[in-house]
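**Student:** Quick one: this structure, given as structure tokens, is what I'll be asking you about.
The values are calculated or read from the model by the stated rules, or taken from the named source; none is laboratory data. Since the model is a prediction, treat every value here as computed from it, not as a measurement. Backbone-built Cβ (ideal geometry, glycine too); neighbour counts: all protein chains shown.
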Amino acid sequence: MTLLRKTLLITTTIFCCNVIIALGQSTKTTKGKGNRDTDIARDSLILIQVGNKYGFTNDKGEDIIPTIYDKAYPFESGLSAVRSGRGNGFIDKKGTVVIPLVYDMTGDHFSSGLVNAQQNRKWGYIDEKGKTVIPFTYEDAWVFREELACVSLNGKYGFIDKTGKVVVPLQYDITSFVFNNGLSAVSLNGRWGVVNTKGKEVVPAIYDEIVSITDGKIKMTQKGVSYIFDKNGKPVK
């Protein structure tokens, strides 16, 4: 993981703790029979691990999909992200490969009908049939939320819609990666601001720090002085 990537993740955790990123949601883990680790699935089948391999059982403990994968994630909307060797793709509840395991990496579930995927070290988006919807051109890509997804190119971050159209220009050094109630924090040249889902800076990126975005209110600081704005960027007294 690069230093920039670590910084982005740490920064997001600090100032956007109220944002729950959909990627990698946790599931309840229990001990199953025969030294099996089991995850209570979000979509009826149960993810199990035997040794270093993953598969699925039903709620009666009957094997449905054999433990042949190096990594697997709980089913969502009828699909599970799996990895075998260096290939990543998706299977259905019958164990049929729906999206070939030809990707370097993928997200663990679809959002707005799309999932982020990496091929030849570039990121794009595919649909539930494996069709490329947004070309593999980005250095990094996040899950869609509120119909927009954060992407990076040439070290700069912004947001695109489901057609690949840039909505928030890829000009920022850091963002909060997902929108929360129509707002996302952004940073440019060490200064912070807030954009909406239309790509408008409702709070210009001129502040020293963003403290929080909660309940439709934005709290910023500059030279030790706190400022509060509503979701449209109007000062709140």
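**Student:** Restricting to the range 216-237, count the residues that are assigned to a strand (DSSP E or B) and in contact with a strand residue (DSSP E or B) (Cβ under 8 Å, 6 or more places away or on another chain).
**Tutor:** 12
**Student:** Quickly run through the range 119-151 and pick out the residues that are within 17 Å of the chain's Cα centre (by Cα), assigned to a strand (DSSP E or B) and over 21 Å from Val98 (Cα atoms).
**Tutor:** Lys122, Tyr138, Asp140, Ala141, Arg145, Leu148, Ala149, Cys150, Val151
**Student:** Moving on. Can you give me the number of residues within the range 169-220 that are touching a Ser or Thr at 6+ places or on another chain (Cβ under 8 Å), more than 23 Å from Leu153 (Cα to Cα), among the β-branched types (Val, Ile, Thr) and surrounded by fewer than 21 Cβ atoms within 10 Å (Cβ to Cβ)?
**Tutor:** Summing the residues that are touching a Ser or Thr at 6+ places or on another chain (Cβ under 8 Å), more than 23 Å from Leu153 (Cα to Cα), among the β-branched types (Val, Ile, Thr) and surrounded by fewer than 21 Cβ atoms within 10 Å (Cβ to Cβ) in the range 169-220 gives 1.
**Student:** Output the number of the condition that Ile213 fails; it satisfies all remaining conditions of (1) at pLDDT 95 or above; (2) in a strand (DSSP E or B).
**Tutor:** Every condition holds for Ile213 apart from (1).
**Student:** Go through the residues of the range 182-205 one by one and say whether even a single one is within 18 Å of the chain's Cα centre (by Cα), in contact (Cβ under 8 Å) with a residue 24 or more places away in the chain, assigned to a loop (DSSP other than H, G, I, E, B) and under 27 Å from Val82 (Cβ atoms).
**Tutor:** Looking for residues that are within 18 Å of the chain's Cα centre (by Cα), in contact (Cβ under 8 Å) with a residue 24 or more places away in the chain, assigned to a loop (DSSP other than H, G, I, E, B) and under 27 Å from Val82 (Cβ atoms), one finds none in the range 182-205, hence no.
**Student:** Given Ser44, Ser26, which one is small (Gly, Ala, Ser), on the phi > 0 side of the Ramachandran plot and modelled with pLDDT under 95?
**Tutor:** Being small (Gly, Ala, Ser), on the phi > 0 side of the Ramachandran plot and modelled with pLDDT under 95 holds for just one of Ser44, Ser26, which is Ser44.
**Student:** Scan Ser212, Ser184 and give me the residue that is among the hydroxyl-bearing types (Ser, Thr, Tyr) and under 23 Å from Ser112 (Cα atoms).
**Tutor:** Values: Ser212 fails: under 23 Å from Ser112 (Cα atoms).
Only one candidate qualifies: Ser184.
**Student:** Another question about this same structure. May I ask you to list the residues in the range 75-118 that are of a type outside the set (A, V, I, L, M, F, W, C), touching a strand residue (DSSP E or B) at 6+ places or on another chain (Cβ under 7 Å) and in a strand (DSSP E or B)?
**Tutor:** Residues satisfying the conditions are Ser80, Arg83, Ser84, Gly87, Asn88, Gly89, Pro100, Tyr103, Thr106, Ser111, Asn116, Gln118.
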